[in-house]
Amino acid sequence: MAGDDTRMLLLGAVALFEPVNGYQIRRELMSWQVDQWANINPGSIYHALTSLSDKGHLTRHDLVDNGRTVAVYEISDSGRSELERLVSRSLQAVDVYNGVSFYAAFSLMPLLERPAAIQHLSLRLKNLERTLKELDAALRVNVGAVPPHVTSATRLQHDKLHTERTWLVEVLDDVRSGRLSFVDEAPGWTPADDDPGWQMDADRRRYREMLRR
């Protein structure tokens, strides 16, 4: 699944900020600390962008900007379909032992429309509750049947999922009430004046002019 997570994050970053150059994508994802929780090597990002372009999921434009050639990326129709598939699956599916896919997809939720976010998270809540019941049953059956440290480790996963369920109920309330913003809505957060995102936004406008968008 690690390859899917990398593909999802790169496609999502381009979709969020397009048209955007490779360095900006790398800087943005590193600010999310993806090298720590998603196991993405910073040096591999440029190679992954090339691979996604070769597959047709990204469109690459080589623009001359201030006297130098810059690779600028936009997401294609096939890339949007792939991103939608990955985000939907990762938001809904519950992996007892690995939450990286969900964390990556949740980071990209501003790309969704509000009804879609509610649908995906509501399905996740149902899947989460079913998984908790399965773990409850396993804990009852395994009492005395497996080593105590294994039972204790299972209980740890159970308690983590129970905590996530509490959090997810609160998040769904935030989504429904409008406390979280989504695509085509006014953002509920403004970066600091010295945030690199402001320069990225200025570059985006310039790239759009160069591409006649």
Examine segment 56-73 for a residue that is part of a helix (DSSP H, G or I) and farther than 18 Å from Met109 by Cβ, and state whether such a residue exists. no
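Looking at Pro191, Pro187, which one is under 24 Å from the mean Cα position of the chain (by Cα), at pLDDT below 90 and surrounded by 11 or more Cβ atoms within 10 Å (Cβ to Cβ)?
Details: Pro187 fails: surrounded by 11 or more Cβ atoms within 10 Å (Cβ to Cβ).
Just a single option satisfies the conditions, and that option is Pro191.
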Residues Arg204, Arg165, Arg208: which one is surrounded by 12 or more Cβ atoms within 10 Å (Cβ to Cβ), touching a Phe, Trp or Tyr at 6+ places or on another chain (Cβ under 8 Å) and of a type outside the set (Ser, Thr, Tyr)? Arg204
Restricting to segment 35-55, name every residue that is under 16 Å from the mean Cα position of the chain (by Cα), outside any helix (DSSP H, G or I) and exposed (fewer than 13 other Cβ atoms within 10 Å of the Cβ). Asn39
How many residues does segment 2-34 hold that are part of a helix (DSSP H, G or I) and either outside the structural domain of Leu83 (by TED's automatic domain parsing) or not charged (D, E, K, R) (or both)? 21
Looking only at segment 146-176, how many residues end up being in contact with a helix residue (DSSP H, G or I) (Cβ under 9 Å, 6 or more places away or on another chain) and free of Cβ contacts under 8 Å to residues at least 12 places away in the same chain? 2
Go through segment 114-213 and tell me which helices (runs of 4 or more DSSP H), entirely inside it, have 3 or more residues that are out of contact with any Asp or Glu (no Cβ under 6 Å at 6 or more places or on another chain) and closer than 30 Å to Val72 by Cα. 114-142, 197-210
Just name the residue that is farthest from the chain's Cα centre (by Cα) out of those in segment 71-93 that are more than 14 Å from Glu18 (Cα to Cα) and either free of Cβ contacts under 8 Å to residues at least 24 places away in the same chain or surrounded by fewer than 20 Cβ atoms within 10 Å (Cβ to Cβ) (or both). Ser78
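The values are calculated or read from the model by the stated rules, or taken from the named source; none is laboratory data. Model, not experiment: these values are computed from the prediction. As a convention, Cβ positions derive from the backbone with ideal geometry for all residues, glycine included, and neighbour counts pool all protein chains shown.
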